[in-house]
Structures are given as structure tokens and as C-alpha cells.
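Have a look at the structure below, then the notes.
The values are calculated or read from the model by the stated rules, or taken from the named source; none is laboratory data. In this text, all values refer to a predicted model and were calculated from it rather than measured experimentally. Cβ sites come from the backbone with ideal geometry, for glycine too, and all protein chains shown count toward neighbours. Keep in mind that these areas ignore ligands, DNA and RNA; they rest on the heavy atoms of the full protein, side chains included. Shrake-Rupley method; radii C 1.70, N 1.55, O 1.52, S 1.80 Å.
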Amino acid sequence: MRVSWQSLTEEIRNCEKCDLCRGRTLPVPGEGNPRAELMFIGEGPGFEEDRQGRPFVGPSGQLLTKMIHAIGRERSDCYIANVVKCRPPGNRNPSDEEAAACLDYLRGQVLLVRPKVVVLLGRVACKYVLREEVYITRDHGTWYERKGIWFLPTFHPSALLRDPAKKREAWEDFKKVRDRLSALAGPAGEDG
Ligand code: URA
Ligand code: SF4
């Protein structure tokens, strides 16, 4: 399958491949630097995201933005996307069927961006991207390599808002991301 940003975005805007299309206000394709070395993947749009058509713009998005700044980057340097592009009613987890229907778009996005590092925000992102049951409390901060891309599970920002005591561990994960990106940039600081 040959994908382009234009065809992907267009398809998502008109997509009716699963029932989540019925409840959406706006689909949330994703946003950011199309050549980002760092990508974030969440679960699916929440209330604010659904209204604005943009990922991570509600309370958990504000926290994510702060954490990106804390490792010396801007949101616009990164690419930010979700497993499902339409809001599950009441913010429930997407079903296996909904995730399966939507995952081609995310695959296309990863192929187009070709990030060096992907941060998986929460268990749902890990489950569908790594195709493994990951327990965030146990497995956060453990690197997974897939086809030359490094994936790091960490807490979903909404989990950190519910339980701020987890923020210290999440910060350790973000430092791993920062350090891996500088290691991958090589001794001369060149962008590969
Ligand atoms: N939670 C997510 O998983 N994704 C968003 O875009 C916003 C909140
Ligand atoms: Fe299409 Fe994904 Fe929205 Fe389902 S969630 S309608 S597959 S874009």
C-alpha cells in the first residue's frame, strides 16, 4: 500500500469503517512534524479533541505538552496520533474491532513519519501497536524494538492526572527518551 499524507487525511475525514464514526464531532487524524524523530501514540480522542479535531488538547494534552517541554522539545517537533481517530462514547476504551478497523491509518502515519522513537501512552496504545499485553506499572520504561524503531511504553497522562505520585516514574521514562534520541543523533549531533 502506498500512502500519502493527503490520501490518509482525506480517508480519515470521510471514514465510516467502524461505528465510532457515528458519535464523532470531528475525526482526529493526528498532527505535528511529518518527519518527526519522536512520535507519541495515545488511545483515542477525548471530549476536547473531538470538538477541536486535534489530538491531546484537553487536560491530559496540557500535561503531555509540559512533559515534551521538559525534555527540551516542542510539540511541533513531534508527531502526535492515536490508535483510533474518532472518540469512543464516554471515553471508553476502543474495542478490538474498532482498533483493528482504524490501525491501518496509524501504520500509514508511522511509515510516513519514520520516527526513531515512539512513546506509547498507556496500555491501550501498547496493546495494539506492540500486539502484546503490556502492564504499564511493570513494563513502563522498557524498550521494544520493531523494524528499527524504538518503542517505549509509559503512563497515559490521564493516569498521571489521576495519580500524581506516578509522575516521578513517568519523568524517568521521558529522560530515557531524551537520552536515546541524543544517542541516536550520534557523536557529531547529526540528524540521521
Ligand atoms: N487521550 C488520548 O489517548 N488521546 C488524546 O488525543 C487525548 C486524550
Ligand atoms: Fe474510521 Fe477510525 Fe473513525 Fe473508526 S475510528 S470511523 S476506523 S477513522
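For residue 60, are the conditions met, namely being open to solvent by less than 60 Å² (accessible area, probe 1.4 Å), within 13 Å of ligand 2 (Cβ to nearest atom), among the polar types (S, T, N, Q) and at pLDDT 95 or above? Judged against the criteria, residue 60 is not a match. Among the residues of segment 141-166, those identified as touching a Lys or Arg at 6+ places or on another chain (Cβ under 9 Å), away from ligand 1 (no atom under 13 Å from the Cβ) and open to solvent by 20 Å² or more (accessible area, probe 1.4 Å) are 143, 148, 149, 150. Residues in segment 145-159 that are under 15 Å from the mean Cα position of the chain (by Cα) and assigned to a strand (DSSP E or B): 149, 150, 151, 152, 153, 154. Within segment 12-21, being within 16 Å of residue 107 (Cβ to Cβ) and either of a type in the set (Val, Ile, Thr) or within 16 Å of ligand 1 (Cβ to nearest atom) (or both) holds for one residue alone: 12.
Yes/no matrix, rows are residues, columns are (1) closer than 23 Å to residue 162 by Cα; (2) buried (at least 17 other Cβ atoms within 10 Å of the Cβ); (3) more than 13 Å from ligand 1 (Cβ to nearest atom):
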position	(1), (2), (3)
23	no, no, yes
30	no, yes, no
37	no, yes, yes
43	yes, yes, no
85	no, yes, no
91	yes, no, no
99	no, yes, no
105	no, yes, yes
